[in-house]
């Protein structure tokens, strides 16, 4: 046996249908497309979610809820996180520039200080918003809270 004499097994390779090659081929005329209608035309392509004219799924399901265009989303930072930032970076003033420089928040984020956890050091904190419990805890340690 030589490489040039290799052949596929008998019956393994089928000849493709030769469509639209005249009436003598048996597949001329309408070329297996049937008569008339969109599917018989050249260039036809069905829409992705087309269900044969049945009401599509996305139109059958009810509409629900809405997105409030005026919603202000804050990035929450708890007192425990402020304590961890103080211990890791040895800073007494935590403001937006510090948080951005450490990669904790993005430049465009709005920051809100929340009261979960315990604060053990005196800190000066600057943020966009602050909860009442967080403000009380920071001021109890002798720190200050500045709202931007």
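Bear in mind that the values in this text are calculations on the coordinates, not laboratory data. In this text the structure is predicted, and so the values were computed from the model without any measurement. Because the Cβ atoms are built from the backbone with ideal geometry, glycine has one as well, and the counts that use them run over all protein chains shown.
Here is how the numbers come out for the structure above:
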quantity	calculated
Inter-probe distance in nm under a simple model that places probes 7 Å from Cα toward Cβ, at residue 21 and residue 55	4.9
Packing rank of 103-115, 18-30, where each peptide gets the mean count of other beta carbons within 10 Å, highest leading	103-115, 18-30
Expected 222 nm ellipticity per residue - DSSP helices of 4 or more, -39500 (n - 2.57), all of the chain, to 500	-5500 deg cm²/dmol
Modelled FRET efficiency - R0 25 Å, residue 109 with residue 48, Cβ distances, 0.05 increments	0.10
Normalised contact order of the range 74-147, rounded percent, pairs of Cα under 8 Å and 6 or more residues apart	34
Debye log10 I(q)/I(0) at q = 0.09, 0.11, 0.20 Å⁻¹ for the chain, Cα point scatterers	-0.59, -0.64, -1.15
Förster radius 35 Å - calculated FRET efficiency between residue 144 and residue 67 (Cβ-Cβ, nearest 0.05)	0.45
For the range 74-147, share of DSSP beta bridges that run antiparallel, in % to the nearest 5	0
Distribution of pairwise C-alpha distances over the range 74-147, 10 Å bins, in %	22, 62, 16, 0
